[in-house]
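Please read the structure below before turning to the comments.
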Amino acid sequence: MDYHVGEIIKVTVTSIENYGIFVKVDDKYNGMIHITEISDRYVSNVRNFAFPNETIYAKIVDIDNDKNQMKLSIKSINYRILSSKGRVMESPNGFSKLKEKLPIWIDDKLQEINSN
């Protein structure tokens, strides 16, 4: 598969260290999300952001094709994928579309209720 800098991809967390999150991209590539690419805010504990075997989204910052490694970031995206145990799955863009539509749906429902 061809990957490109800036692309958002699914990855699986393999391990977590104090300085970053290690992930498996696919059978060829591995990656790391350095602590500086986790959040714009101070990160006191990397383990608060992911756990081993969790599937998350990450944005490609750099690709080293010779070493089959990627530098990744989660700080500028909604990286969490909520899936198992009946939870709603979140897209890479988060719930922004629902947020946009919610006021319209509320107004429509209020009009329907008031017209009855």
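The values are calculated or read from the model by the stated rules, or taken from the named source; none is laboratory data. Being a predicted model, the structure only gives us computed values, none of them experimental. For neighbour counting, all protein chains shown are included, and Cβ atoms are generated from backbone atoms with ideal geometry for every residue, glycine included.
The table below lists the values:
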item	result
Selection within region 1-27 - surrounded by fewer than 11 Cβ atoms within 10 Å (Cβ to Cβ) and touching an Asp or Glu at 6+ places or on another chain (Cβ under 7 Å)	Met1
Search result, residues across region 15-58 that are of a type in the set (Phe, Trp, Tyr) and not in a strand (DSSP E or B)	Tyr19, Tyr29, Tyr42, Phe49, Phe51
Subset of region 57-88 (residues that are within 11 Å of the chain's Cα centre (by Cα) and at pLDDT below 70)	Leu82
Region 58-81 residues that are more than 11 Å from Ile33 (Cβ to Cβ) and surrounded by fewer than 20 Cβ atoms within 10 Å (Cβ to Cβ), paired with ones that are among the acidic types (Asp, Glu) and modelled with pLDDT under 95 (beta carbon under 7 Å, 6 or more apart)	Asn78/Glu90; Arg80/Glu90; Ile81/Glu90
Residue match in region 6-14 (condition: without any contact (Cβ under 8 Å) to a residue 12 or more places away in the chain, in a loop (DSSP other than H, G, I, E, B) and among the acidic types (Asp, Glu))	no
Residue list for region 1-45, filter: among the polar types (S, T, N, Q) and closer than 17 Å to Asn68 by Cα	Thr12, Thr14, Asn30
Filtered residue count, region 90-116, keeping only those that are aromatic (Phe, Trp, Tyr) and at pLDDT 65 or above	1
Matching residues, region 21-38, being over 15 Å from the mean Cα position of the chain (by Cα) and not β-branched (Val, Ile, Thr)	Asp26, Asp27, Lys28, Tyr29, Asn30
